[in-house]
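Undergrad: Dropping a structure here in structure tokens format, bear with me for questions.
The values are calculated or read from the model by the stated rules, or taken from the named source; none is laboratory data. Treat the numbers as computed from the prediction; the structure is a model and nothing was measured. No Cβ is skipped: glycine too gets one built from the backbone with ideal geometry, and neighbour counts run over all protein chains shown. The area values use the complete protein model at the heavy-atom level, side chains included, leaving out ligands, DNA and RNA. Shrake-Rupley method; radii C 1.70, N 1.55, O 1.52, S 1.80 Å.
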Amino acid sequence: MFRNFKLVPRVIFGRGCFSQLDEILSPQRTTLKDWVVFVTDDVFTGTALASRIPLHDNDLLLYINVDDEPKTQYVDQLTQQVKTARPTLPCAVVGMGGGATMDLAKAISLMLTNPGSATEYQGWDLIKHPAVYHAAVPTLSGTGAEVSRTTVLTGPEKKLGLNSDYTVFDQVVLDPELTAGVPKDQYFYTGMDCYIHCIESLAGTYLNEFSKAYGEKSLDLCRQVFLENHPDAADKLMMASFFGGMSIAYSQVGACHALSYGLSFLLGIHHGVGCCIAFDALEEYYPDGVKEFRVMMEKTGVDIPRQVTKDLDDAQMNTMIDVALGLAPLWENCLGKDWQTIMTRDKARSLFLKM
């Protein structure tokens, strides 16, 4: 059977388009009591961008911390905070920030309408009720969170997304001006998340012309940004991120993301950093991609963390292996239906030891 995926229905792109956010949200405010939650990275506290958020009197500006990877417990805490803030549910949830902030906004919008803990919904198509209307304003480019059907969360036992058609944003505001001033390392790590999305998608067994069309264009844009240093790099990387997310919407990522989930779950390594650490160890599976990645790393002047697994004991290593091997669709996309005979626990261990 073919999957009938939901994609983002409304997208606005262009430098300065953030100024239209109030107009974009206005159809959701059908009464004077309707209110919006702005889920915003706390790095923007007191900044010029924060002063531009189109707050109405009844709205809630929720500054969130993403020093750690998003956790199910944090989602439950934030959801409860929103529920108790007003007598009614908000008419919209807007996520402003990088991938983690957008993931938290998606998760809150889902958990406002679905009972229980976010932990109960880690998996594929477990969400039963539509989310509150939710919009994304990315201030980083690369994660693809603005277009994906998942919100990646770390729970007590696993790192796994709330994968659902209801997770997809209703509106995305792509303003390249908002990415100005991003630190070099962070710019590289999120950009490489996009690049690796494309390498995994284009080399995968799930590849089809839909994902190939988006993946090839995204990969081309990544090369222009990280190998050719175009003056309009911010615009190009923002579109590469969007196209990269579209590519994996109808295919899947692969070995790198599976292994990076293990790193993030156990060691708390941020997703983009974890992807770079894992990808550098996967020359056996993505030889051309890893070679090009190393050139991009050299040109950007970023040194990824090394030997992050060298002091782990057997129990810790087994935890990472459990998390990584639990992501069956990613391994099938990389290695085929017989992936379990290829990616054994011993093989996964040997890859983690290279990191």
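Undergrad: Please work out which one of (1) more than 12 Å from the chain's Cα centre (by Cα); (2) modelled with pLDDT of 95 or more is the condition residue 155 fails and give its number.
TA: Evaluating residue 155 over (1) more than 12 Å from the chain's Cα centre (by Cα); (2) modelled with pLDDT of 95 or more leaves (2) as the failure.
Undergrad: With respect to residue 255, is the statement that it is open to solvent by less than 30 Å² (accessible area, probe 1.4 Å), more than 18 Å from the chain's Cα centre (by Cα), modelled with pLDDT of 95 or more and closer than 22 Å to residue 334 by Cα true?
TA: No: the conditions fail for residue 255.
Undergrad: Follow-up. Counting only residues that are in a helix (DSSP H, G or I) and over 26 Å from the mean Cα position of the chain (by Cα), how many does the range 341-354 have?
TA: 6
Undergrad: Which count do you get for residues in the range 90-103 that are under 19 Å from residue 271 (Cβ atoms) and out of contact with any Gly (no Cβ under 7 Å at 6 or more places or on another chain)?
TA: Within the range 90-103, residues that are under 19 Å from residue 271 (Cβ atoms) and out of contact with any Gly (no Cβ under 7 Å at 6 or more places or on another chain) number 7.
Undergrad: Residue check: is residue 84 open to solvent by 50 Å² or more (accessible area, probe 1.4 Å), over 22 Å from residue 238 (Cα atoms), over 13 Å from the mean Cα position of the chain (by Cα) and of a type in the set (S, T, N, Q)?
TA: So residue 84 fits the description; yes.
Undergrad: Okay, next question. Residue 321: open to solvent by less than 60 Å² (accessible area, probe 1.4 Å) and in contact with a Cys (Cβ under 6 Å, 6 or more places away or on another chain), yes or no?
TA: The answer is no for residue 321.
Undergrad: Could you look through the range 1-12, keep only residues that are part of a loop (DSSP other than H, G, I, E, B) and among the aliphatic types (A, V, I, L, M), and pick out the one that is surrounded by the fewest Cβ atoms within 10 Å (Cβ to Cβ)? Spell out the reasoning first.
TA: Looking only at the range 1-12, we keep the residues that are part of a loop (DSSP other than H, G, I, E, B), and these are 1-9.
Among the residues that remain, those that are also among the aliphatic types (A, V, I, L, M) are: 1, 7-8.
On the way: 1: 3, 7: 14, 8: 20.
Going through the qualifying residues, I end up with 1.
Undergrad: For the range 203-226, give me the residue count where each residue is touching a residue at least 24 places away in the same chain (Cβ under 8 Å), open to solvent by less than 50 Å² (accessible area, probe 1.4 Å) and either within 19 Å of residue 5 (Cα to Cα) or not aromatic (Phe, Trp, Tyr) (or both).
TA: 8
Undergrad: Let me ask something else. If you check residue 138 against the conditions, is it more than 30 Å from residue 321 (Cα to Cα) and under 18 Å from the mean Cα position of the chain (by Cα)?
TA: yes
Undergrad: Would a scan of the range 303-312 turn up a residue that is at pLDDT 95 or above, among the polar types (S, T, N, Q), surrounded by 11 or more Cβ atoms within 10 Å (Cβ to Cβ) and not in a helix (DSSP H, G or I)?
TA: Taking every residue of the range 303-312 in turn, at least one turns out to be at pLDDT 95 or above, among the polar types (S, T, N, Q), surrounded by 11 or more Cβ atoms within 10 Å (Cβ to Cβ) and not in a helix (DSSP H, G or I).
Undergrad: Consider the range 109-138. How many of its residues are under 22 Å from residue 175 (Cβ atoms) and surrounded by 23 or more Cβ atoms within 10 Å (Cβ to Cβ)?
TA: Within the range 109-138, residues that are under 22 Å from residue 175 (Cβ atoms) and surrounded by 23 or more Cβ atoms within 10 Å (Cβ to Cβ) number 6.
Undergrad: While we're looking at this one, here's another question. How many residues are surrounded by 15 or more Cβ atoms within 10 Å (Cβ to Cβ) and under 17 Å from residue 43 (Cα atoms) when one looks only at the range 64-81?
TA: Residues meeting the conditions: 4.
Undergrad: Look at the range 216-244 and say how many of its residues are modelled with pLDDT under 95 and part of a helix (DSSP H, G or I).
TA: Selection size over the range 216-244: 0.
Undergrad: Right, next: Please go through the range 37-52 and give me each residue that is outside any helix (DSSP H, G or I), on the phi < 0 side of the Ramachandran plot and surrounded by fewer than 18 Cβ atoms within 10 Å (Cβ to Cβ), ordered by number.
TA: Passing the criteria: 45, 47, 52.
Undergrad: Going through the range 186-202 one residue at a time, which ones are surrounded by fewer than 24 Cβ atoms within 10 Å (Cβ to Cβ) and either in contact with an Asp or Glu (Cβ under 9 Å, 6 or more places away or on another chain) or basic (Lys, Arg) (or both)?
TA: Within the range 186-202, 202 is the sole residue that qualifies.
Undergrad: Within the range 13-36, take every residue that is touching a helix residue (DSSP H, G or I) at 6+ places or on another chain (Cβ under 7 Å) and open to solvent by less than 30 Å² (accessible area, probe 1.4 Å) and give me the one that is nearest to residue 236 (Cα to Cα).
TA: The extreme case among them is 16.
Undergrad: Under 7 Å between Cβ atoms, at least 6 apart or on separate chains: pull out the pairs that start in the range 48-71 with a residue that is in contact (Cβ under 8 Å) with a residue 60 or more places away in the chain and end on any residue that is among the acidic types (Asp, Glu).
TA: Listed by first residue and then by second, the contacts come to 70/103.
Undergrad: What are the residues in the range 278-301 that are part of a helix (DSSP H, G or I), open to solvent by less than 10 Å² (accessible area, probe 1.4 Å) and hydrophobic (A, V, I, L, M, F, W, C), if any?
TA: 278, 279, 290, 293, 296
Undergrad: Might you let me know whether the range 285-292 holds any residue that is among the charged types (D, E, K, R) and closer than 26 Å to residue 154 by Cβ?
TA: For the range 285-292, residues among the charged types (D, E, K, R) and closer than 26 Å to residue 154 by Cβ: absent.
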